[in-house]
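Peer 1: After the structure tokens below, expect a handful of questions from me.
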Amino acid sequence: MKPNQKSLFFCKYLIFFIYKNFKLFLFSFFNIIIFYLNFSLNAKKRASFINFNNNTLIKKTFLYKEDININNLNNKKPINISLSIDNSIIYPSLVVMTSCLENNDKNNHIIIFYLLLSNNFNDKNLEIFESLKLSYDVRINYYYIINFFICLPKWKGSNALYYKLFIPVLFPYIERMIHLDGDTTVFKDLWEMFNLPFNDNYFLAQPTTKDIFKDKVLKQNAINVGVVLFNIKKFREDNKDFELLHYLFIKKFKEQILMEYICIPKIGYLPFKYGIWFIGDINFYISHYQSRMVQKVNLTEYEEAMKDPTIVHDIFCSPKHWKKRTKARYLNSTFCYKYQKIFYHYAKKTKYYKEIYNKYMK
């Protein structure tokens, strides 16, 4: 990022927070400084290179438009995909990326991954992701998210889930982005999904069960943000990019509640085939989830998505589908075993199958 871009970024952020709520200005200003350091100090910290197999270099810094060589895409159309990763989900994220690449139309499309990494991410693990370049024509960019100390809400899960909220700010030169959680698997080329119309919405996501929300308005519009298509351009035009961060620091909502809170009513519908929850019997869905959904679901669409999905999102299996299951711990255990088989199908296509299997299955 150039000096004048940094100054503009800082000033815009400062003015926004003063205008939004002057009483919270001092507290917000502290968070602004931290976020600004995310671009300046961290870029210097990560501006080094490491060797990979003695012939590949990895630049560990923030990458912006001037750092991406568009002419190096071999005349293919790019698909932007981001993942939020910390040290606990490295191998599952690798398998997600592999499933994307295996099903990509290699002749016409090229995938550009934007990996949002925790600040304490072990740099040695970058070699794991770089190994994909030995088998696929792919671009992988790394973005380190600085720890926000008291700013991020505290909960039992990983704070990496919140990193998707930084997407509209981190990528001012990108208009749209697919974000995938680490418990997803891709079955088809994503070009069709990547080009879905936004119809003036900030992002596209799927409805979920209403019992996870207490607020009546949020409950009526409950969404699942494990698979999201971001309209980054729209976020920037309406200053929603900074508003997301403002309420993240002040309200300390969970990420899906925050995205809904800020973006209602401009949240578009993402068809279920781009994130079906399980592959199984439609009767299981009807008996356990249909009555809990925030809106009536077209059962024909849902059943077709189960039979021929583009993306599957595991939100039910406990433990997660990549871990050894000594005892069925969920109602739809058949799906979990099936999903586990699919996961290891793609794990075998990586250079780290043995490590993955030994870590989770022994």
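Every number here is computed from the coordinates shown, using simple stated rules; none is lab data. Everything numeric in this text was worked out from a predicted model, so none of it was measured. Ideal geometry is used to build each Cβ from the backbone, glycine not excepted, and the neighbour counts take in all protein chains shown.
Peer 1: Which pairs, out of LYS106/LYS324; LYS133/LYS307; LYS164/LYS349; LYS240/LYS349, put more than 29 Å between their alpha-carbon atoms?
Peer 2: Long pairs (Cα-Cα over 29 Å): LYS106/LYS324; LYS133/LYS307; LYS240/LYS349.
Peer 1: Provide the gained length on full extension for the span TYR337 to ARG236, in nm with one decimal, where the gain is 0.36 nm per separating residue minus the Cα-Cα distance.
Peer 2: Result for the pair: 32.2 nm of gain on full extension.
Peer 1: Then there is this: Straight distance only, please: which aspartates and glutamates reach the Cα of LYS77 with their own Cα at less than 15 Å, same-chain residues fewer than 8 apart left out?
Peer 2: Qualifying aspartates and glutamates at Cα under 15 Å: ASP105, ASP137, GLU175, ASP189, GLU192.
Peer 1: Sticking with this structure for a sec: Run the simple label-point estimate for TYR269 and ASN72 please: 7 Å along Cα→C-beta, distance reported in nm.
Peer 2: Here the answer is 4.2 nm between the modelled labels.
Peer 1: Let me ask something additional. Go ahead and run the numbers for FRET between ASP308 and SER135, Cβ-Cβ distance against an R0 of 30 Å, rounding to 0.05.
Peer 2: In this case the efficiency is close to 0.70.
Peer 1: Here is a follow-up. Would you kindly state how much longer the chain becomes between LYS124 and LYS354 on full extension, computed as 0.36 nm times their sequence separation minus their alpha carbon distance, in nm to one decimal?
Peer 2: 81.0 nm
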